[in-house]
Amino acid sequence: MVKNRTQKLRQLLQRFELDAALLTGPANLRYYSGFTGTDGALLVNGKTSVFLTDSRYTSQARQQVTADRMVEYQSKTGGIADLLGELLITSLGFDADNLSCALFEELRSKCPGECNWQSLPREFKALRGIKDQTEIALMKQAARVAAEAFEEIRPLVRPGAMEQELALALEFAMRRRGAQDRSFPFIVASGERGALPHGVASERRLRDGELVTFDFGAIWQGYCSDETVTLALGTADVRLREIYDIVFEAQQRALAAIRPGVSLAEIDGTARAYIGERGYGAFFGHGLGHGVGLEVHEYPVVSPRSTDVAAEGMVFTVEPGVYVPGLGGVRLEETVLVTTCGYELLTTIGKDYSAVMV
């Protein structure tokens, strides 16, 4: 599996006339070498792959890493510079999202001879954007664990409960089921705080007749899940119920538009147009979705600015929302897999209004 991924990377290097790629960052290292530690580097050229790390991770790397060679360094920049010189690398692609400016400048200053450093093209991100069957299975399990944990704590979602207490209970329920970690700091936003798209759980207590939004996810063997549910506590305000129905219908229309070859901007536009027609376009400010995998936010982006098209094997979220300051908000999020002729839901919690009343 790792060898197949490395081979696709080599084809990309050849296409863009690069001698090698320097990869850093936990997600890249795990994807292209199998390493689950937090520090190291992987150099891939047309003939070989070399994994570099320090003494803290040497034993772990020997057990996990698939590479042609391993190098233990005392200085990260020194070890990489020596290897570039040894392999006579003159044009190097690097992942700008994971290489800090400080490390980049230090590396360039230490590299012998002339080496042309280039940020890897956007096609590099797309390599991780198409999931294989192993990845899909892990993501399904992550979503399943998160859903089971949510159902466990749902009875706690009652007037008087504190947002922070619910977030903590949800995290504990996930970990009891074997989750490595949460995908991100959970959002629990009730009442007027529901108008905050990133309303991280606070000390506010839930009240009867309001909505509460949960945005949560689990990590299972490195892979993330991401799902958002908005619950209704008793009889919600008439306008909030109207907003809920609008967001739900927008999501259903966007899901129905998903199939290979359709532009991601068009999928976004399907939901955005409906929300606009119903008079709430000004209250939906973010993109419709984002890729999910080894990182909870990764390629692709589903937004009006996206230039990508849906492809079989892509995994991304569909999360329309309406946020009205002073009133509250609704966001509903599914994570989907693009299939041969449509999509498959990886998330499983029901989103229709009858399913979310508590």
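The values are calculated or read from the model by the stated rules, or taken from the named source; none is laboratory data. Quick caveat, the model's predicted, so the values are computed rather than measured. We place every Cβ from the backbone using ideal geometry, glycine too, and count neighbours over all the protein chains shown.
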Would you check which residues across segment 144-168 are closer than 14 Å to Glu203 by Cα and free of Cβ contacts under 8 Å to residues at least 60 places away in the same chain and list them? Gly160, Ala161, Met162, Glu163, Gln164, Glu165, Leu166, Ala167, Leu168
Looking only at segment 240-251, decide whether some residue is part of a loop (DSSP other than H, G, I, E, B) and touching a strand residue (DSSP E or B) at 6+ places or on another chain (Cβ under 8 Å). no
If you check Gly287, Gly313, Gly281, Gly269, which single one turns out to be under 21 Å from Phe186 (Cα atoms) and assigned by TED's automatic domain parsing to the domain that holds Glu148? Gly287
With criteria (1) under 16 Å from Lys8 (Cα atoms); (2) crowded, with 18+ Cβ neighbours inside 10 Å, Leu127 comes up short on (2)
Can you list the strands (runs of 3 or more DSSP E) lying wholly within segment 22-111 that have 3 or more residues being surrounded by 17 or more Cβ atoms within 10 Å (Cβ to Cβ)? 41-45, 49-53, 91-94
Which of (1) more than 15 Å from Val262 (Cβ to Cβ); (2) assigned to a strand (DSSP E or B) is the odd one out, the single condition Phe316 does not satisfy? (1)
Looking at segment 289-297, is at least one residue in a loop (DSSP other than H, G, I, E, B), at pLDDT below 95 and surrounded by fewer than 23 Cβ atoms within 10 Å (Cβ to Cβ)? no
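This table checks each residue for (1) aliphatic (A, V, I, L, M); (2) in contact (Cβ under 8 Å) with a residue 40 or more places away in the chain.
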{"site": "Leu23", "(1), (2)": "yes, yes"}
{"site": "Asn28", "(1), (2)": "no, yes"}
{"site": "Thr36", "(1), (2)": "no, yes"}
{"site": "Lys47", "(1), (2)": "no, no"}
{"site": "Val50", "(1), (2)": "yes, no"}
{"site": "Ser55", "(1), (2)": "no, no"}
Name the residue that is farthest from the chain's Cα centre (by Cα), counting only residues in segment 191-212 that are within 14 Å of Thr228 (Cβ to Cβ) and surrounded by 20 or more Cβ atoms within 10 Å (Cβ to Cβ). Leu211
